[in-house]
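What follows is calculated from the coordinates using simple rules that are stated; it is not laboratory data. The shown structure was predicted, so the numbers you read here are calculated from the model rather than taken from an experiment. Using ideal geometry, Cβ is built from the backbone for each residue, glycine included, and neighbour counts are taken over all protein chains shown.
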Amino acid sequence: MPESGRRGPSERVTVIGLGRFGSSVVKTLHELGYEVTAIDRNEKKIQEVAEWSTLAAQGDGTDQELLRQLNVERSDVAVVAQGESLEASVLTTLLLKKINVPWVVAKATSVLHGELLRKVGADRVVFPELDAGIRLGHSLGVRHISDYISLSAAAGIAKIEVPAHLVGHTLAELYDERSSKFNVLLIKRGSNLITVPHFQEVIQPHDELVVVGADREIEAFVQHPTAHARANA
């Protein structure tokens, strides 16, 4: 396991369902240093993730006996990544809680699906397609946004690739009148992270900013020159 993993090698995660979402979860968990058990009905999908898994097994996540044979109950977390069959997703989640997996994360394809998963015990429900749609929508509206987390209908956290007109200005200059509605949480400069940057920090070429605020303030910050920049144009 990689030494840079977030958790120790004793941390076990089971991922059931190896579509694009499930496979991506398996690879990421492996890179973070988790022990991963991967389960899917499709033998080809099992083979595709075998190198990133501690154990890759062909089988049905709704088979309680199989889950016990694979010692899934010893997992710290289980991820139900199957989404094609609502019935299988809900039943797998129910069985994982029945065999006492402490934390179950389940993928949902709709709001109703998510409600059902919560009712049978899912500790967390994720909506990959919905979340991806939200990120894409915001990235189309503000072209320099490379990632986005929605906090409300009109506000969020965005990662921004710094546009040229912001380079050379301090954060104090860039905040302007937005100081109470918008904030720069950190600056990524090459391999370095500047957390809680000072107001006098000067933006450099190729910086990436993580910002939080109302969507309209993020858009205004990225797309329009600051008053200081206009005054010196």
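May I ask for the percentage of alpha-carbon pairs in the stretch 12-126 that lie more than 22 Å from each other? Summing the P(r) of the stretch 12-126 above 22 Å gives 21 percent of all pairs. Under 5 Å between amide hydrogens, built in the peptide plane, is the criterion, and for residue 14 it picks out 37, 77, 78, 79 among residues at least 5 positions away or on other chains.
When each of the peptides 185-194, 106-115, 90-99 is scored by how many other beta carbons lie within 10 Å of its residues on average, the order from highest to lowest is 90-99, 106-115, 185-194. Derived scalar couplings between HN and Hα for the stretch 46-54 equal 4, 5, 5, 10, 4, 5, 9, 10, 6 Hz in order, rounded to whole Hz, by the Karplus curve 6.51 cos²θ - 1.76 cosθ + 1.60 (θ = phi - 60°), x for Gly and Pro.
Using the average count of surrounding beta-carbon atoms within 10 Å as a protection proxy, the listed peptides 32-39, 19-26 rank, highest first, as 32-39, 19-26.
Taking a quarter of the surface of the Cα convex hull of the stretch 21-85, what do you get in nm²?
Projected area, direction-averaged: 4.2 nm².
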